[in-house]
1. For every other residue with a beta carbon closer than 13 angstrom to the beta carbon of P119, add +1 if it is Lys or Arg and -1 if Asp or Glu, then tell me the sum.
2. Go through segment 167-179 residue by residue and turn each phi into a ³J(HN,Hα) via Karplus (6.51, -1.76, 1.60, θ = phi - 60°); whole Hz please, and just put x for glycine and proline.
3. Hey, can you grab everything whose amide H is under 5 Å from the amide H of L99? Only 5+ residues off in sequence or another chain; H modelled, so Pro and N-termini drop out.
4. Using alpha carbons only, how many angstrom separate the centre of segment 112-178 from the centre of segment 26-98?
5. Under the Karplus relation 6.51 cos²θ - 1.76 cosθ + 1.60, θ = phi - 60°, what is the ordered set of whole-Hz ³J(HN,Hα) values for segment 28-37, x standing for Gly and Pro?
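Bear in mind these aren't lab numbers, they're just calculated from the coordinates by the rules spelled out. Remember, predicted model here, so these are calculated numbers, not experimental data. Quick reminder, even Gly has a Cβ in these numbers, built from the backbone with ideal geometry, and neighbours come from all protein chains shown.
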Amino acid sequence: MPRLAFRSIACAIVLGVGPVACGGGNPYGYAPEYAPLSEEEPHFERGVALSYEEVRRNPAGFADRDLAWFGVVTGIESKGASGEAIVALELRTHQPRHLCSDQFDSSCRVTVSATGGGPFSALLTLRPEDRGGRDRVYEGSLLKVYGRVTPDFDDNGGPILRADYYRHWPRNTYVTPGHRRAMRR
């Protein structure tokens, strides 16, 4: 069991309160390897990270596949108060071993490539906490989008995914290999 999860459970049992009162885990999954959230699990099991070029060349050929792509947000077009949005992204490759500052999981950050693999867009409904405030989805945020490719292309010539689920990391909560000097492990 991960150290933070054990600590949160122990605090809840001893104090009779939720994990937040004990400073439990954070929403960004700081760990040496990727760990899906409980609500992400079904998407994580079905999602595949197919080749960008294959999907771009033949979106109809992959319309029945559940894609799982990481992307850094380059723009957002809101579609109203319901939270529907078209999010423009630049594909990034996830690194299986995350960079860490020390031996504790809490020092690890989700790590994706520094260079983009091509533009794509996601049609999704932003959760209320991702629509406003300091940690909202905005340019520079990282998303992991689970969805199916549509037959259309975005304004940059990239495929469009209709998202079933997404996971969000605000700017400065994920890293690229360029951070390797500061993150020794």
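1. Net local charge, P119 excluded: -2.
2. My calculation for segment 167-179 gives 10, 10, 10, x, 3, 6, 10, 9, 9, 10, x, x, 8 Hz in order.
3. R109, T111
4. Value for the Cα centre distance between the two parts: 7 Å.
5. Along segment 28-37, the couplings run 9, x, 4, 6, x, 10, 5, 10, x, 5 Hz.
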